[in-house]
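Have a look at the structure below before the remarks.
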Amino acid sequence: MFGLRHPGRRRKNGRLAQQNESLATGAVDSHVLPMIDDLYSRDILRLTTQVLHIGHLANPQATADRVAKLCGSTIHIELNLEGDEVAAFAQQVQACALGQAAAAIVSQNILGATVTEVFAARDALRGLLKGEGVEFPSKFSDLKILQTVKDYPARHASTLLALEAVTEAISSLKQV
């Protein structure tokens, strides 16, 4: 019993501390944490810092909230449509790196997107995560970067969070 530690406790100078430091500095070795390298590429992690349209709209026409129960990621979406296009958009994102990356891509491309494009992007992302060959609307083609998530089904819900919330908000306004 002596010397045994609870698996969640970190040793100050032990391997877990080194792994955490590697994560913080971006110097993750693939042999140390293979899932991290496979799932959280440098490009995906970079996207987590590029989420746009954070906050609230003054008078949103529609809102939606989604939660990925496994990891606790949440997103709140507010939007306005003009005709068949997204004219205004705001979001509050409390999500894991994959949820933030997807929210960043959506936020960078949502203004001016048609309802058809948004639903097609959501459907293509669902297909991509199932390993299907899919074609994204050109406006949302950057979502292809999330293809490695297909091998991690537990991460699908957080990856879909932003597009599921946006389509839910649109559906509350229109019959699609």
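Could you put His76, His156 in order, starting from the residue whose Cβ has the fewest other Cβ atoms within 10 Å?
His76, His156
Taking the number of Cβ atoms within 10 Å of each Cβ as an exposure proxy, the fewest-first ranking of Ile77, Ile44, Ile54, Ile145 is Ile54, Ile145, Ile44, Ile77.
Of Arg66, Arg126, how do they rank once you tally other Cβ atoms within 10 Å and put the fewest first?
By the 10 Å Cβ count, ascending, the order reads Arg126, Arg66.
The residues neighbouring Ser107, those whose beta-carbon lies less than 13 Å from its own, together hold a net charge of -1 under the Lys/Arg +1, Asp/Glu -1 convention.
For Lys144, what charge total do you get from the other residues with a beta carbon under 12 Å from its beta carbon, if Lys and Arg give +1 and Asp and Glu give -1?
-2
Using the Karplus relation 6.51 cos²θ - 1.76 cosθ + 1.60 with θ = phi - 60°, the per-residue 3J(HN,Hα) values for the range 129-135 come to 5, 8, x, 7, x, 10, 10 Hz, with x marking Gly and Pro.
FYI, it's all coordinate maths here, none of it is from the lab. Everything numeric in this text was worked out from a predicted model, so none of it was measured. Cβ atoms come from the backbone with ideal geometry, glycine included; neighbour counts cover every protein chain shown.
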